[in-house]
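Here's the structure, in structure tokens; my notes come after.
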Amino acid sequence: MSTPTTEAAPGAPVVDLDLTELRRDPYPAYAALRRTAPLAWVPSVGRHLLTRYDDIVHAEKLPEVFSSREQGSLLLRTVGPNLLREDGPEHRRLRTAAEPPTRPRQVRDLWAGAFAKNTHDLLERIAGRGEADLIADFAEPLAAANLALVLGLRNATADDIAEWSRAMMAANGNYADDPDVWLRAERATGAIEEAVAEIAEAVRREPDGSVISSMVHAGVELFEIQNNVKVIIGGGVNEPRDVFGVGAQALLSRPDVRDRVLADPALWKRVFEETARWVSPIGLYPRQLVQDYEIAGVTLPAGSRVALVIASGNRDESVFERADEFDIDRPHRAHLAFGGGPHFCMGAWVARHEVSALAWPLVFSRLNGLRLDDGAEDHMEGWVFRGLTSLHVTWQAA
């Protein structure tokens, strides 16, 4: 592969963006880029941002040009070689080994009952309190506990999984190169390697249907299993946690929509897809050009670093009318929140089930009179990854 470039492509607009402002709210900047510079070099990020829906979809269909094998990527630095940074046969080999336990039928047959028990157990812990932070007290531990089951990490607690995920996701978005962030991630990845090695030996003798078991019996090397479990722990906690939080807040802020959904549970699926579109939990994917290629009016030379900004594509006004609004009745158009092409998110069906079939319906039915805590200062944060930092609510405790 060509050596990665560290400067703007000839003819590419150069746009200065403040990372602090992006972390607070990236959507105004993205809207401006879509209008005036749909492919722009951003010095603070060190790559070109591709921000229009159609261009992103086009790029995702061309992995032979827009390669996932980006040299020196933050993800590679954090977890080592992994399936998200592979294309072609090598990607298919790893994905084929890891994916079976996350398919819709397996989610239904293997995990749905345990997911339901985890949801009920967490609700039982908080139901009598009358108040909670639904992110810290419910959504994050639920996503972590469910993920431990699917991965097969019975030697790790939900707290372990959640902390490892937070540490690695911070590193994956560490464009500011904070050394403390790297140190925390190193500790997390070391702990994961130890836990995976122990489980891999156990499931070699007694298969259990988990991701680790599936990879072991597909003949995947231990270091590859360890690295890919790290990747799955990163996205497997933050995506369902953040979709849950954003969607719950959206409904609690819109009583008319909430009442419709509670009267017609089939609408929970629409809530999930619209939430993932409206505030994408993963905001971008990095790519590196294998060859010269023209897109969005700019010819990118081989080696160019690009970010496919799916959070921007999901707010593209040419595709989604009133794109900045939360609207469960909008005409169906495929959103980009779970990616596309060969790298479509492996955990999408797990997240859909645990959030839209279980977490939201049970929370809203169990916690009587659920409402936002008006005295709390809950806010969204992030641009590489985005979600609520907290969601304080109250209800009428029995």
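Worth a mention:
- Scanning region 195-215 for residues that are in contact with a helix residue (DSSP H, G or I) (Cβ under 6 Å, 6 or more places away or on another chain), of a type outside the set (Gly, Ala, Ser), under 16 Å from Leu149 (Cα atoms) and outside any loop (DSSP other than H, G, I, E, B) gives Val196, Ile199, Val203, Val211, Ile212, Met215.
- Residues that are surrounded by 14 or more Cβ atoms within 10 Å (Cβ to Cβ), touching a Leu at 6+ places or on another chain (Cβ under 8 Å), modelled with pLDDT of 95 or more and assigned to a helix (DSSP H, G or I) are absent from region 176-194.
- Residue in region 388-396 that is at pLDDT 95 or above, of a type in the set (Gly, Ala, Ser) and open to solvent by 40 Å² or more (accessible area, probe 1.4 Å) present: no
- Taking the conditions (1) among the aliphatic types (A, V, I, L, M); (2) under 30 Å from Thr5 (Cβ atoms); (3) in contact with a helix residue (DSSP H, G or I) (Cβ under 6 Å, 6 or more places away or on another chain) in turn, Ala311 satisfies each one other than (3).
- Residue within region 333-346 that is crowded, with 20+ Cβ neighbours inside 10 Å and farther than 30 Å from Ala59 by Cβ present: no
- Filter result for Thr102 (open to solvent by 60 Å² or more (accessible area, probe 1.4 Å) and closer than 25 Å to Val220 by Cβ): no
- Filtering Leu151, Leu123, Leu75, Leu142 for residues that are under 18 Å from the mean Cα position of the chain (by Cα) and under 16 Å from Ala357 (Cα atoms) leaves a single hit, Leu142.
- Taking the criterion of being in contact (Cβ under 8 Å) with a residue 24 or more places away in the chain, surrounded by fewer than 18 Cβ atoms within 10 Å (Cβ to Cβ), on the phi < 0 side of the Ramachandran plot and not charged (D, E, K, R), the residues of region 75-99 that qualify are Pro81, Thr96.
- Residue that is among the β-branched types (Val, Ile, Thr), within 23 Å of Asp324 (Cβ to Cβ) and in contact with a Lys or Arg (Cβ under 9 Å, 6 or more places away or on another chain), where the choices are Thr51, Thr20, Thr36, Thr6: Thr51
- Only one of the listed residues (Leu267, Leu183) is over 21 Å from the mean Cα position of the chain (by Cα) and free of Cβ contacts under 8 Å to residues at least 12 places away in the same chain. That residue is Leu183.
- Val229 meets the conditions (1) touching a Pro at 6+ places or on another chain (Cβ under 9 Å); (2) under 25 Å from Arg77 (Cβ atoms) in every case but one. The failed one is (1).
- Matching residues in region 16-27 - criterion: being surrounded by 18 or more Cβ atoms within 10 Å (Cβ to Cβ) and in a loop (DSSP other than H, G, I, E, B): Leu17, Pro26
- Residues that are surrounded by fewer than 21 Cβ atoms within 10 Å (Cβ to Cβ) and either at pLDDT 95 or above or more than 15 Å from the chain's Cα centre (by Cα) (or both) do not occur anywhere in region 308-315.
- Every residue from region 28-59 that is assigned to a helix (DSSP H, G or I), closer than 22 Å to Asn172 by Cα and open to solvent by less than 20 Å² (accessible area, probe 1.4 Å): Tyr30, Ile56, Ala59
- Assessment of region 293-304 against the conditions (under 24 Å from Ala250 (Cα atoms) and surrounded by fewer than 21 Cβ atoms within 10 Å (Cβ to Cβ)) yields no matching residue.
- As for region 365-382, it holds at least one residue that is in a loop (DSSP other than H, G, I, E, B), within 23 Å of Thr51 (Cα to Cα) and open to solvent by less than 30 Å² (accessible area, probe 1.4 Å).
- Counting residues in region 116-138 that are out of contact with any strand residue (DSSP E or B) (no Cβ under 9 Å at 6 or more places or on another chain), under 20 Å from Phe385 (Cα atoms) and touching a residue at least 12 places away in the same chain (Cβ under 8 Å) gives one or more.
- Residue within region 223-230 that is within 30 Å of Asp160 (Cβ to Cβ) and in contact with a Ser or Thr (Cβ under 7 Å, 6 or more places away or on another chain) present: yes
- Index of the failed condition, Lys269 passing every other in (1) within 25 Å of Asn172 (Cα to Cα); (2) open to solvent by 30 Å² or more (accessible area, probe 1.4 Å): (1)
The values are calculated or read from the model by the stated rules, or taken from the named source; none is laboratory data. What you see is a predicted model; the values in this text were computed from it and never measured. Glycine also receives a Cβ, built like all others from the backbone with ideal geometry; neighbour counts cover every protein chain displayed. Please note that ligands, DNA and RNA were not included when accessible areas were found on the heavy atoms of the full protein model with its side chains. Shrake-Rupley method; radii C 1.70, N 1.55, O 1.52, S 1.80 Å.
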